[in-house]
Protein chains: 2
Amino acid sequence: MRKEASRATGRPTLAEVAQLAGVSQITASRALRDVPTVDPVLASKVREASKALGYVPNPAARTLASARSQSVVVLVPALSNQLFIETLEAIHNVLRPRGYDVLIGNFHYSREEEEELIRNYLAIQPCGILLTGFDRTEVSLRLLEANKIPCVHMMELTKAEDVFSVGFSQEEAGAVVARHLLARGRRRLAYVAAQLDTRVIRRGEGFKRALAAAGVEALELAVPDPSSVGLGGELFDRLLRRHPDVDGIFFCNDDLAHGAIFEAQRQGISVPGRVAFVGFNDLPMSAHIVPRLTSIHTPREDVGKHAAHLMLTLLAGAEVRDRKIDLGFELVVRESS
Amino acid sequence: MRKEASRATGRPTLAEVAQLAGVSQITASRALRDVPTVDPVLASKVREASKALGYVPNPAARTLASARSQSVVVLVPALSNQLFIETLEAIHNVLRPRGYDVLIGNFHYSREEEEELIRNYLAIQPCGILLTGFDRTEVSLRLLEANKIPCVHMMELTKAEDVFSVGFSQEEAGAVVARHLLARGRRRLAYVAAQLDTRVIRRGEGFKRALAAAGVEALELAVPDPSSVGLGGELFDRLLRRHPDVDGIFFCNDDLAHGAIFEAQRQGISVPGRVAFVGFNDLPMSAHIVPRLTSIHTPREDVGKHAAHLMLTLLAGAEVRDRKIDLGFELVVRESS
DNA sequence: CCTCTTCAAGATAGCGCTGTCTCATCCGCT
DNA sequence: AGCGGATGAGACAGCGCTATCTTGAAGAGG
């Protein structure tokens, strides 16, 4: 009942694998972790033994011994929002097959809640953390720094050199929308935004700056509430009362634009006849709504995929070529503008 | 460097807490786990010491020693689908504050993939599993059985006695839709479905059975492809060609109905004038689309909440009153019917 | 041919916590 | 007063794995 004992669960242990392979336990351990100092002959013996027994390592034991788990934490500002789901799924698809557990933390657009999550999740000694954006508390930064955990930042890009990020330029996306609406001959342009996180704000800045460059003043209606279809209708109505002459609107998120389209339809306002709409994110519905919505297609899935691969590279201790991966975006012009 | 050593991470260990509280390590362990055999005086001393040191238990050590982790696995058939997000979020909101980690597995509507996930996730010795529905492979069932892991089933209900489930009657929901459309005077009724999982099928059966009871024959158009807005438009078009006299359609999911509304709008077909639409799930958009969509509001968030609480009860080893929690559903009648 | 280096394999010692058994204490009962 | 039985605290021994140090063998150089 000592060396070759199976686990409480009945599954075989590393000791059994080692015995079957005729090597020491530690050699078996190294072989299965692909430590390069192991003789290929022994390594393949170990792998065979492992397969024969149906060995599955115990993550808890591994974590305890190495002081580092096989878990990657992903912190996103929201789940309800369709937005991050595709990114999360892509991350899962990359990391799960490699044996990593993915833990999702939702900080509800709150820096404090994010800090709390970081604090809690550090207890499980994750081997890496995927973060959304760069806007976090000092304490959060210090915690991450102090624990020396590889971090990859998603959705935004930064000029900072020692930081890994995967995303696209929010400002530039806003600017592209501005230029598109100007090219359509629109001159009374507005930015309608909700859920004012840094990305929404940077998007709006890009938009306004591009307009200013063309000598056009930007109208703006921004509220901190969460983005939703219902809110989109409301904001459109409010904007229209305040500026009846508006002829082009950039919504910070497609769902706002969808709501606005419905509201316009109810009020008998022609889109794009009287006012052109441009959304952001290109949600699936945007290609089908009447009128089809012009939008910025964002590489949400690719952000997840690349961020996860970047994390794998960091975890492997390999050299990272590009610390900053710009995946770009695409303006998809449809009927609404 | 033995008993009172801090962890590699620098955080204090249970031994330090015990020393500060002047008790043995095991007593400290019991106090912090609320084992009832501990003197309340000692227990509060331990809690104070713990707080003073900022002690955070090491989950890996706990898992290794107890052969059971603090993780709850949740298996859902899809993430991309807005549907399960609210449920997942509710589960998170209940379990995270209690110190449980929530691991999400997406089996993409594949029984085999679910089996694979179960096999993999069992390695982390989860303390409980939340499952979607009852349709899984024999091997999956055996694995769950053999590992004696508490299971809670979501979204559907079963007559089986020894099973925990939280959901609502899919059949009854379908029947309610049928009766609603009949009450509106519609007689050429169709069920349009995609992603034919057991829930979608049961829904349709309830619908057709209720129609049959009224002597009305049900039309049907069902495809296995994933549900989407685009597909909804397509299916509506196809149905209309095949049965131009259809005057009422029950879509198995709101997004299909949304797509159909857009397609109807493009073809100049009046909804509900010529054909009434009823969706399922009552997604946020349904209250705003033109025309507003009649739908079955499903208690997705509540399912998550109740399932998580049921799991907590099971984990606490407490008595469970109701093994079957029927949360019902609500027909929300809007403009489309 | 022998020493010095190099490198792969093994022995050892925990990682931080909890299950289980043992032991002391105190109560109620005869 | 003495005894059995609760009851609560502690000792002990791992859980299954890996970091680290040590050892032994093989290869290089004089």
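For the reader, a short list of remarks on this structure follows.
- Placing unit charges on the Cβ atoms only, positive for Lys and Arg and negative for Asp and Glu, gives the protein assembly as shown a dipole magnitude near 940 debye about its Cα centre.
- Restricting the calculation to Cα atoms, region B:1-146 shows an Rg/Rh of 1.10 when the hydrodynamic-style radius is the Kirkwood one.
- Cα-based equivalent ellipsoid of the protein assembly as shown: semi-axis lengths in Å, sorted from largest, via gyration tensor: 47, 33, 23
- Kirkwood estimate for region B:14-57, i.e. one over the average of 1/r between Cα atoms, Å: 9.7
- Taking only protein heavy atoms and a 1.4 Å probe, the accessible area of chain B is 50% carbon and sulfur.
- Relative to the current alpha-carbon distance between A:Ala52 and A:Glu138, full extension at 0.36 nm per residue lengthens the span by 25.9 nm.
- Principal axis box of region B:61-196, alpha-carbon based, largest edge first, Å: 65, 33, 30
- Considering only A:Leu181, A:Leu42, A:Leu240, the mean-square fluctuation computed in a Gaussian network model of chain A, springs between alpha carbons under 10 angstrom, is largest for A:Leu42.
- Using 0.36 nm per residue and subtracting the Cα-Cα separation, the extra length available between A:Ser110 and A:Leu196 on full extension is 29.8 nm.
- The three principal axes of the C-alpha atoms in chain B carry coordinate ranges of 83, 37, 33 Å, sorted with the longest axis first.
- For A:Lys159, the lysines whose Cα falls under 27 Å of its own Cα, not counting residues fewer than eight places away in the same chain, are A:Lys148, A:Lys208, A:Lys305, A:Lys324.
- Zone of B:Arg119's modelled label, taken as backbone nitrogen in region B:133-156 under 15 Å from a point 7 Å along Cα→Cβ: B:137-144
- Calculated label separations, B:Gly185, copies of the chain, 7 Å along the beta-carbon direction, nm: 4.6
- The mean sequence distance of close C-alpha pairs (under 8 Å, at least 6 residues apart), as a share of the length of chain B, puts its relative contact order at 15 percent.
- The GluC sites (Glu not before Pro) of region B:277-337 meeting both criteria, a DSSP state outside H, G, I, E and B (loop) and at most 15 other C-beta atoms within 10 angstrom of the site's C-beta, are B:Glu319, B:Glu335.
- Occluded residues from region A:51-86, i.e. those whose accessible area drops by 40 Å² or more once the chain is not alone (1.4 Å probe): A:Pro59, A:Ala60, A:Leu64, A:Leu79, A:Ser80, A:Gln82, A:Ile85
- Average beta-carbon neighbours from other chains, 10 Å sphere, peptide B:123-136: 2
- Here region B:165-285 is treated with +1 on each Lys and Arg Cβ and -1 on each Asp and Glu Cβ, and its dipole about the Cα centre works out to around 420 debye.
- Kirkwood hydrodynamic radius over Cα pairs of region B:153-243, then Stokes diffusion coefficient at 4 °C and 1.567 mPa s, in µm²/s: 91
- Axis angle, to the nearest 10 degrees, between helix A:83-95 and the longest C-alpha principal axis of chain A: 20 degrees.
- Surface exposure of region B:82-155, expressed per residue as accessible area with a 1.4 Å probe, stands at 36 Å².
- Result for chain A in a Gaussian network model with C-alpha springs under 10 Å: among A:Lys208, A:Lys159, A:Lys324, the largest mean-square fluctuation is at A:Lys159.
- Whether region B:170-297 is rounded, prolate or oblate, judged on the alpha carbon gyration tensor where a/c under 1.5 counts as rounded: rounded
- For B:Ser165, the accessible surface of its heavy atoms amounts to roughly 0 Å² (probe 1.4 Å, protein chains only, rounded to the nearest 10).
- Peptide B:197-207 - average C-beta neighbours from other chains (10 Å radius): 0
- For the set B:Arg47, A:Arg241, the ranking by accessible area, highest first and with no ligand, DNA or RNA atoms included, is A:Arg241, B:Arg47 under a 1.4 Å probe.
- Using a 1.4 angstrom probe on protein heavy atoms only, the contact between B and A buries about 4000 square angstrom of accessible area, both sides summed.
- Compared with the dominant Cα axis of chain B, that is its longest principal axis, helix B:254-267 is turned about 30°.
- Exercise: per-residue mean of other protein chain Cβ atoms within 10 Å, B:279-289: 4
The values are calculated or read from the model by the stated rules, or taken from the named source; none is laboratory data. Everything numeric here is computed off the predicted structure, so don't read it as measured data. Here Cβ is always computed from backbone atoms with ideal geometry, including for glycine, and neighbour counts include all displayed protein chains. Protein only, heavy atoms only, side chains kept; ligands, DNA and RNA dropped before computing areas. Shrake-Rupley method; radii C 1.70, N 1.55, O 1.52, S 1.80 Å.
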